[in-house]
Amino acid sequence: ARVKTAQILANLGNITLRAVTEQQTDAWYGLLSGTDLVGAWQGPYVSPFTQSNVWTLADAGQAILPPFPSGALSDPSQLNLIPRAQWQDTTTGGATGYTNWQALLPVDGSLLVATVNNPSNSVGAITNQWLWSYADGLLLNRAGASDGPAWLYSIETASAPNPGHAGGGPGTANSGQVNVNSGADPALWLDPTQAGANLVMGVNQLVAVVSDQIGSVLPCYGEISYSPLYLEPR
């Protein structure tokens with residue numbers, strides 16, 4: 001979730017966030033009487049804030065789906081599962097807080113996390129250009145290859161990827177060149193299942209978030225290039 005609080009620095013530890021999964025017979029916000037809410041699971045609280053009045057990208061934790069064991073006679077299609085992030089401020093008097101979006105990520109999917117540094121000691125300033133980052137894991141499956149997954153980048157004047165002249169690697173905020181540092185899976189593991197009419201739907205769905213060091217969300221364009229590792233006769 002992307003959240004912000006106006007609480008003072010000394011009280012930031014009183015603000016906590018957690019994942020909640022509700023079971024409702026109504027698919028919308030719920031009835032005023034509350035009779036459509038049949039169950040609610042809550043995860044442990046986390047404390048995401050280190051700064052006041054700054055947008056923060058916070059991981060509320062894992063949402064359990066389904067939240068509780070189901071009975072043999074229960075019909076799962078009759079209940080709507082509504083996962084969300086819930087936060088509280090236990091400070092006396094409270095403070096103004098904001099949240100403007102939440103994203104639910106599948107736990108069994110690939111997770112690409114990277115930190116991109118544009119060092120202050122670079123030769124020149126990079127502005128008004130496209131920065132493409134390439135998470136390339138194709139060489140992982142090449143027999144006898146000593147190369148592993150690669151995190152590369154290229155800087156383009158046009159809004160199109162150009163992996164042919166991509167290069168670079170990890171670095172720091174003062175290593176002199178733009179660098180990309182992986183923090184999770186080395187590459188996306190794509191599902192080769194086709195999607196379309198009369199076929200399986202919903203394969204290879206992506207959620208992407210790009211932000212700067214103060215939590216400002218930046219525009220992002222993603223492109224998947226998938227090379228099959230096997231062929232089947234048709």
| Of 39, 168, 137, which is the most mobile in a GNM of the chain whose springs link Cα atoms less than 10 angstrom apart? | 39
| field | the chain, relative contact order in percent, only Cα pairs under 8 angstrom and at least six apart counted | value | 19
| task | Can you grab the distance from the C-alpha centre of region 30-44 to the C-alpha centre of region 72-100, Å, no decimals? | result | 9
| Just 33, 122, 47 to compare: in a GNM of the chain, with alpha carbon springs under 10 Å, which one fluctuates most? | 33
| query | Over the chain, what is the percentage of antiparallel beta bridges among all DSSP beta bridges, to the nearest 5? | reply | 100
| task | Could you state how much accessible area residue 8 has, in square angstrom rounded to the nearest 10, with a 1.4 Å probe and all protein chains kept in place? | result | 100
| remark: Cβ-Cβ cut-off under 14 Å around residue 189, Lys and Arg +1, Asp and Glu -1: the net charge is -4
| message | Need one number: nm distance between label points at residue 105 and residue 31, each 7 Å from Cα along Cα→Cβ, rounded to one decimal. | response | 3.7
| note | Which of 24, 86, 78 fluctuates most in a GNM of the chain (C-alpha springs under 10 Å)? That residue is 78
| note | Interchain or sequence-distant (5+) residues whose placed amide H lies within less than 5 Å of the amide H of residue 36 are 31
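The values are calculated or read from the model by the stated rules, or taken from the named source; none is laboratory data. For clarity, every value in this text was computed on a predicted model and none was experimentally measured. As a convention, Cβ positions derive from the backbone with ideal geometry for all residues, glycine included, and neighbour counts pool all protein chains shown. Please note that ligands, DNA and RNA were not included when accessible areas were found on the heavy atoms of the full protein model with its side chains. Shrake-Rupley method; radii C 1.70, N 1.55, O 1.52, S 1.80 Å.
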